[in-house]
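The values are calculated or read from the model by the stated rules, or taken from the named source; none is laboratory data. Everything numeric here is computed off the predicted structure, so don't read it as measured data. Don't worry about glycine lacking a Cβ; one is built from the backbone with ideal geometry, like all the others, and counts go over all protein chains shown.
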Amino acid sequence: MSHISPVLWQFLVKWLTNSGLLPPEASKIAPQMDALLFFMVLVSLIGLTIVALLVTSFSILYNKKRHPVAVQVEGSTLLEATWTIIPLGLFLVMFVWGALIYFRVFTPPANAMNIYVVGKQWMWKAEHPGGQHEINSLHVPTGRAVQLTLISQDVFHSFSIPAFRVKREAIPGRYTTVWFEATKPGTYHLFCTQYCGTNHSQMIGDVVVLTPEGYKKWLAESTNGMSLAQNGERLFASLSCAACHNARPDARGPNLANVYGAKLTLATGGTVIADDAYLRESILNPSQHVTQGYQPIMPTYQGQISEEGVIALVEYIKNLDSDYRVQQTLTTTDLPPEKQVKTSPTATVPPAHGKVKP
Amino acid sequence: MSSDTIVRLPDQATARIPKDNYLTRENGILSWLLTSDHKRIAILYLASITFFFFIGGALAGLIRLELLTPQSDLMATDTYNKVFTMHGVIMIFFFLVPSVPATLGNFLIPMMIGAKDLALPRINLLSWYLYMAGGLLALYTMAVGGVDTGWTFTTPLSTHYVNTNVLTTGLAVFVAGFSSIFTGLNFVVTIHKMRAPGMTWFRLPLFVWAHYAASILMVLATPVVAISIVLIALERTIGIGVFDPTKGGDPLLFQHLFWFYSHPAVYIMILPGMGVISEVISTFSRKRVFGYTAVAFSSVAIAVFGFFVWAHHMFIMGISNYAVLVFSLLTMLVAVPSAIKIFNWTFTLYKGSITFETPMLYTFGFMGLFTIGGLTGVFLGTSGTDIHLTETYFIVAHFHFVMVGGMLMAFLAGIHFWWPKITGRMYPEKISQLAAVVTFIGFNFTFFPQFILGTLGMPRRYASYPPEFQILNVFSTAGATILGVGYLLPVLYLVWSLKYGAVAGNNPWQATGLEWQTQSPPLTENFVEMPIMDHEAYDYEWLEKQEREKEKEVTSAG
Amino acid sequence: MPDNLVHSADAASSAHDEHPPYLRHHFNSAEQQADASNFAMWLFLLTEVMFFGGLFTAYLIYRNWYFPAFVAGSHQLNVVWGATNTLVLILSSFTMAMGVWCAETRRRKGLVLCLSLTFILGLAFLGIKSVEYREKIEKHHVPGFHYSMQSFLDPQSDPEVYAEYHDKPLTPDMAVHTELYFSLYFLMTGMHALHMIIGIGILGFMILRARAGAYTAGHVTFVENFGLYWHFVDIIWIYLFALLYLISRHA
């Protein structure tokens, strides 16, 4: 969208934002979506005007008093073709344009910073990797891609930030993700938009966009000292995961260092990328996600661990490749480093790669 | 009669209500409750859907009253949730789905094709009883505390997280669903097998084509919602696990099954209305519908394509991006036939001889409002913009534009258009034109602000909302008051017209169509002798020849 | 009466004098009536396909996701009973088809015999089904009613089934999904059994009417259309048998 004349762009953005018809544009995708909305409104107005003009003018010209005898006109293939092809063409333009935006919104960049959000009746719980927890609010920095990993603890909810033009369902049983990059500091509405019971309309909050410095400050003020990964590490120990998942050569379970993002071969023969969903499923339904070469002996933790607990574990495992996380002490105020994109997927998990605590 | 109406009403000066007609043939309540006459069944439906419409409308009034203020202060949040749920359930299943098919379709389809009744008259009566059973169950549900899942019964909310009357509501919808299936089945068989000699497919009125397409949907799609309700009931009572993630089930499966019916359901609701529009616009332009074949095929195309777009209700629910691509593309395709129809109706006016009786006013209202509603559907079918607009008041505005601005207007157009045929009486023209205008104004005031509420982000199904949304909500409620008046007026003057309306005569509108060649009200057997169709649909030249040949006198049959 | 209905087909008016008593007055001829009701039955069966379709969809998805659980669940079904039931139904379809032929060829006694055989075979099907259901109840394989996964966690605790299949034990998280299999089993066979019960009820009514000669005087539509319904219920069972009973049965 940057190749539109900047003057026109400025005008559009300013006019659209101040028109009172749209929320403020506070994310990178917002102006792009507003441009498409504007196009659609324009096309609709033109279409509606054409129909209204035709109907009005025909009603006047061919009013019974003026035109007492009707002329039987059968039809016109040319006209039929015209008003089939032109609407279809316009709709297809919208389809393509919209699909591009859709893919953009739901394909997070590799360097996005991840925040977990758990929805439950009737509140949103956001968990930053540094361990900061929020209820019904979400603090994010400008200038940084932020991915939300959402899940519900009970029924369907939907996490909506109108100012960012993003919305995603939080459903029980699987993660959903959405990403955005905030551009304008301020406080914006956060709504639950999927009807979820009695207090659906109270499941609202604030999205607070801060400058990077402000965000750093906020992180420092809000931490309780334990990052998500450290919490996960504690859970990992208390649930005795290390009994099987360790670096020993005769370990009953695969070593989890560097497993995040790796391409794994499953016992069923298929391959899978070990992403958040895979890690979660492996904890809750292990026997369907066994790596090749290992026995399906892992017990299921379904019912024994909350979604926050799973998130903590997932976050711990995700960070088992970096010294930074493992050697973390109490300084949880720094932003996590931009994640390196995995260059060569490994076929199997390599044993004893180093930094895992026994 | 004023001189700017289309009719010279050659026979009206001497018209009398025929002594023998379907209303007078038999008397007594049993003759109505055990009738197999499609016309009487249509009247039974008309009375019952009007009743349910006003119940649903009262619930809508409560919603708008609550939303006057940002706080949830008129009623408890739980109560509000029940009110909007019951509003949706009643309006969709007990008003919109049966409205035109069960009243006008039942009454007119046999007459339009030259038959004496539908193919399965007793099944037709059964349909009405099933509808009433479902409706009474819905009323019972309201009486014992209502249900608050939303009309969409989203799992796991409806299966594990509410303690309201999900099962009784589900049963009500299940039973009403079978009413719909049997009506659709009856129509398909009738249209296939009972057309009079000479009534080929392409001589059928477009009203019949529209009902045929809607009936295909009724027959094929409704059973899927039936089984979805069965699954919800079992999940809720014994926990079979089909929708429960902790047991390996998938709540998204319910969404797929539910929307597989509920999307075609919206076409079930609108297609018959489109059929009415075709008839009215042709009659009041004195012209054959422009592009008859295109309109006929468009109806069928909408029905067919309508089966393949259901997941556009699920774009942000976590289905794969590629699934979204496919469903978004198909949604664009299903939008095109509706556009084709709007243009064909517009060009029906071209070189016509137009008058502006009440049915025509409602038709113009339909064309404007359905165009807006349909175009906003494209906003939603475009995956990118759907992200921002879905689950907000934009959706509420969209479907009210197509259903109320579209379908309900078409229903009212049809009721007024065929009122003379059904009752033998004319409705009062001036007050009905006023009611049409009031409805149009009230409708726009009510629902247009909701588009803006949606683009601003106000979520739907909210009992309370941030204060900055108040002014648009107040506008909307003000409009709803006007709209209510617009809907109340027809009830009053139509009932009045039963006794005091001018006698209509056979064909007050000088319309083509076999139904207008019979007396008003018609005989129980519709036709004394089987008609033979020897002219095209909307053949005004044939009509003119007829008028010149026959005597301008209405006599009673016996 | 309006005289602008110009012509009428003579056939209709003269046929009025000699129309069969079963011809309903909104039809123009007996052929039209038979044709219409036949078409209506086919259309109704199409709605039934859509009705069962939702269950088949759920089955396909969950079988794909949880195949080991479906295998273990399927092994719990007695294939001998299932195959017997399949044969019973196929045989009943044959007797039903013979019944239709008898009606068409005006063989009253033959019709009553065929309908009665169909009736008995239908009851036999339900009898075998209830034996199977009883076995499921005893083994606590009914979802929602003290459902037990023991046979899947420890197959050797179920010696009969183990002797035949030597299944490996399922892990607990997979064993949970056997409840889904049985939910679908009861739903699909239960829905089918409900349609059988309705069919048998109508058969009973038909036998009484057949004895009075109602269907052997030229008006065979009811029997023909019911035959369609019965064959449909049979075909559904054949699909159910294959999908539910025959998962991974090879040695």
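For the reader, a short list of remarks on this structure follows.
- For B:Ala301, the conditions (1) surrounded by fewer than 22 Cβ atoms within 10 Å (Cβ to Cβ); (2) out of contact with any Asp or Glu (no Cβ under 8 Å at 6 or more places or on another chain); (3) facing another protein chain (nearest Cβ under 9 Å); (4) over 28 Å from A:Ser59 (Cα atoms) are fulfilled apart from (3).
- Criterion (more than 26 Å from C:Phe44 (Cα to Cα), within 14 Å of another protein chain (Cβ to nearest Cβ) and touching a Leu at 6+ places or on another chain (Cβ under 7 Å)) met by exactly one of B:Thr149, B:Thr155, B:Thr159, B:Thr164: B:Thr149
- A residue that is surrounded by fewer than 24 Cβ atoms within 10 Å (Cβ to Cβ) and not aliphatic (A, V, I, L, M) can be found somewhere in the stretch B:178-190.
- Check on C:Asp173, within 11 Å of another protein chain (Cβ to nearest Cβ) and either of a type in the set (Asp, Glu) or within 26 Å of A:Thr300 (Cβ to Cβ) (or both): yes
- Candidates B:Thr348, B:Thr331 - the one that is closer than 22 Å to B:Gly384 by Cα, crowded, with 24+ Cβ neighbours inside 10 Å and of a type in the set (S, T, N, Q): B:Thr331
- Leading residue by the ranking (farthest from B:Asn163 (Cα to Cα)) among those in the stretch B:235-279 that are acidic (Asp, Glu) and in a helix (DSSP H, G or I): B:Glu279
- When every residue of the stretch A:246-269 is checked against the conditions, at least one turns out to be β-branched (Val, Ile, Thr), surrounded by fewer than 18 Cβ atoms within 10 Å (Cβ to Cβ) and outside the structural domain of A:Lys167 (by TED's automatic domain parsing).
- You will find that of B:Phe315, B:Phe258, B:Phe284, the residue that is of a type outside the set (A, V, I, L, M), surrounded by 21 or more Cβ atoms within 10 Å (Cβ to Cβ) and touching a strand residue (DSSP E or B) at 6+ places or on another chain (Cβ under 7 Å) is B:Phe284 and no other.
- The stretch B:498-523 - residue that is of a type in the set (Ser, Thr, Tyr) and surrounded by 22 or more Cβ atoms within 10 Å (Cβ to Cβ) and, of those, nearest to the other protein chains (Cβ to nearest Cβ): B:Thr518
- Subset of the stretch A:152-180 [touching a helix residue (DSSP H, G or I) at 6+ places or on another chain (Cβ under 8 Å), assigned to a strand (DSSP E or B), farther than 18 Å from A:Glu307 by Cβ and more than 7 Å from chain B (Cβ to nearest Cβ)]: A:Trp179, A:Phe180
- Residues that are more than 10 Å from chain A (Cβ to nearest Cβ), within 24 Å of A:Leu88 (Cα to Cα) and buried (at least 23 other Cβ atoms within 10 Å of the Cβ) are absent from the stretch B:219-237 altogether.
- Within the option set B:Met86, B:Met132, being within 29 Å of B:Pro245 (Cα to Cα), of a type in the set (A, V, I, L, M) and in a helix (DSSP H, G or I) holds for one residue only, B:Met86.
- When the stretch A:174-230 is filtered for residues that are over 18 Å from A:Leu148 (Cβ atoms) and charged (D, E, K, R), the ones remaining, listed by number, are A:Lys184, A:Glu213, A:Lys216, A:Lys217, A:Glu221.
Condition check ((1) within 14 Å of another protein chain (Cβ to nearest Cβ); (2) farther than 21 Å from A:Val105 by Cβ; (3) not in a helix (DSSP H, G or I)) across all residues:
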position	(1), (2), (3)
A:Thr187	yes, yes, yes
A:Leu190	yes, no, yes
A:Cys196	yes, yes, yes
A:Val207	yes, no, yes
A:Leu219	no, yes, no
A:Asn224	no, yes, yes
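- Taking each residue of the stretch B:325-348 that is at the interface with another protein chain (Cβ under 9 Å from one of its Cβ atoms) and looking for partners that are of a type in the set (Lys, Arg) and outside any helix (DSSP H, G or I) with beta-carbon atoms closer than 8 Å, six or more apart or interchain, yields B:Thr348/B:Lys287; B:Thr348/B:Arg288.
- Test for C:Leu113: is it farther than 18 Å from C:Val223 by Cα and without any contact (Cβ under 8 Å) to a residue 40 or more places away in the chain: no
- Members of the stretch A:91-121 that are more than 10 Å from chain B (Cβ to nearest Cβ), surrounded by 18 or more Cβ atoms within 10 Å (Cβ to Cβ) and not in a strand (DSSP E or B): A:Pro108, A:Ala112
- Selection status of A:Ser287, small (Gly, Ala, Ser), closer than 21 Å to A:Ala312 by Cβ, crowded, with 20+ Cβ neighbours inside 10 Å and within 14 Å of chain C (Cβ to nearest Cβ): no
- Helices (runs of 4 or more DSSP H) (entirely within the stretch C:29-140) containing at least 2 residues that are out of contact with any Gly (no Cβ under 8 Å at 6 or more places or on another chain) and within 29 Å of B:Phe174 (Cα to Cα): C:30-65, C:108-138
- Taking the criterion of being more than 7 Å from chain B (Cβ to nearest Cβ) and either of a type in the set (S, T, N, Q) or not in a helix (DSSP H, G or I) (or both), the residues of the stretch A:43-70 that qualify are A:Thr49, A:Thr56, A:Ser57, A:Arg66.
- Every condition in (1) in a loop (DSSP other than H, G, I, E, B); (2) under 26 Å from the mean Cα position of the chain (by Cα) holds for B:Val528 except the one numbered (2).
- For the stretch A:79-90, the set of residues classified as buried (at least 16 other Cβ atoms within 10 Å of the Cβ) and β-branched (Val, Ile, Thr) consists of A:Thr84 only.
- Among the residues making up the stretch B:370-392, a single one is more than 7 Å from every other protein chain (Cβ to nearest Cβ) and more than 30 Å from A:His189 (Cβ to Cβ): B:Phe370.
Conditions (1) at pLDDT below 95; (2) closer than 30 Å to B:Thr237 by Cα, marked per residue:
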| residue | (1), (2) |
| --- | --- |
| C:Arg106 | yes, no |
| C:Thr118 | no, no |
| C:Ser130 | no, yes |
| C:Met149 | yes, yes |
| C:His177 | yes, yes |
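- The residues of the stretch B:456-487 that are aromatic (Phe, Trp, Tyr) and at the interface with chain A (Cβ under 8 Å from one of its Cβ atoms), listed by number, are B:Tyr462, B:Tyr465.
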